[in-house]
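Here is the structure we will look at, set down as structure tokens.
Bear in mind that the values in this text are calculations on the coordinates, not laboratory data. In this text the structure is predicted, and so the values were computed from the model without any measurement. Here Cβ is always computed from backbone atoms with ideal geometry, including for glycine, and neighbour counts include all displayed protein chains.
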Amino acid sequence: MNQVGFVPLQIAVLTVSDSRTLEQDKSGQYLADQIIEAGHHLAARALSTDDIYQTRAILSRWIADENIHAILTTGGTGFYERDSMPEAASVLFDKTIDGFGEMFRLLSLEDIGMSTMQSRAIGGMANGTGIFCLPGSTGACRTGWEGILKAQLDNRTRPCNFVAHFLRTNPSH
């Protein structure tokens with residue numbers, strides 16, 4: 001049996017919040033810590049207000065950066081008026097990853113019950129870059145990382161994972 005070595009990815013983290021600073025950002029810090037602990041590289045980290053255009057500008061810059069393979073976002077996925085992460089990100093997608101949001105809600109059902117219906121977690125790909133938008137709570141980030149992303153961003157996960165798509169779709173990766 002052919003053993004494949006771990007392939008570290010360059011992953012960026014974006015927190016969307018009107019009420020936190022980067023220093024107060026426990027959810028973004030959790031994701032950054034998990035990325036590093038898993039053996040990946042933290043390519044960038046930023047905080048944006050709940051402004052759809054500021055958020056799109058940061059995402060667009062990272063999508064265009066050939067050294068960033070994936071982007072994890074936290075915050076802005078709820079139903080309040082300023083929550084606009086799905087609207088900011090989805091127009092940038094070349095392909096949606098419908099199963100990401102579906103599986104996130106299935107996993108979070110165990111923790112928060114039917115309140116999971118209010119999660120608008122989404123995933124997609126743009127320019128060969130994976131984009132995964134999680135709710136703003138640290139618990140939600142933990143659910144998304146432990147239940148989905150940790151394994152799917154590991155090239156050794158079988159029968160399949162996202163790594164090959166991020167490295168193959170954009171030849172410059």
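With 5 Å bins from zero, work out the P(r) of the stretch 52-130 over every alpha carbon pair and list the percent per bin.
Per 5 Å bin, starting at zero, the Cα-Cα P(r) for the stretch 52-130 comes out as 3, 15, 24, 25, 16, 10, 5, 1 percent.
Over the stretch 55-137, what is the relative contact order in whole percent, taking alpha-carbon pairs under 8 Å and six or more residues apart?
Numbers: 132 pairs, mean separation 33.4, N = 83.
In percent, rounded to a whole number, it is 40.
Hey, what do the phi angles of the stretch 71-87 turn into as Karplus ³J(HN,Hα) couplings, whole Hz, using 6.51/-1.76/1.60 and θ = phi - 60°, x for Gly and Pro?
Values per residue, Gly and Pro as x: 10, 10, 10, 9, x, x, 9, x, 10, 5, 3, 7, 6, 9, 4, x, 6 Hz.
Can you tell me the relative contact order of the chain? Whole percent, Cα pairs under 8 Å, sequence separation 6 or more.
Values: 321 pairs, mean separation 42.5, N = 173.
Across the chain, relative contact order equals 25 percent.
Per DSSP H run of at least 4 residues, take -39500 (n - 2.57); add these up for the chain, divide by its residues and hand me the 222 nm value, nearest 500 deg cm²/dmol.
After summing the helix terms and dividing by the residues of the chain, the value is -10000 deg cm²/dmol.
Can you figure out the FRET efficiency of Thr21 with Leu106, using R₀ = 30 Å and their beta-carbon distance, to the nearest 0.05?
Once rounded, the FRET efficiency stands at 0.35.
Once the Cα atoms of the stretch 1-101 are picked out, what are the Rg and Dmax in Å?
Over the stretch 1-101's Cα set, Rg and Dmax evaluate to 14.5, 53 Å.
Beyond 19 Å, how much of the Cα-Cα pair distribution for the chain remains, as a whole percent? Before the final figure, lay out each step's value.
Numbers: 7736 of 14878 pairs.
Pairs farther apart than 19 Å: 52 percent.
Per the Debye formula with a single identical scatterer at each Cα and no solvent contribution, what log10 I(q)/I(0) holds for the stretch 93-173 at q = 0.22, 0.23 Å⁻¹?
The computed values of log10 I(q)/I(0) come out as -1.02, -1.09.
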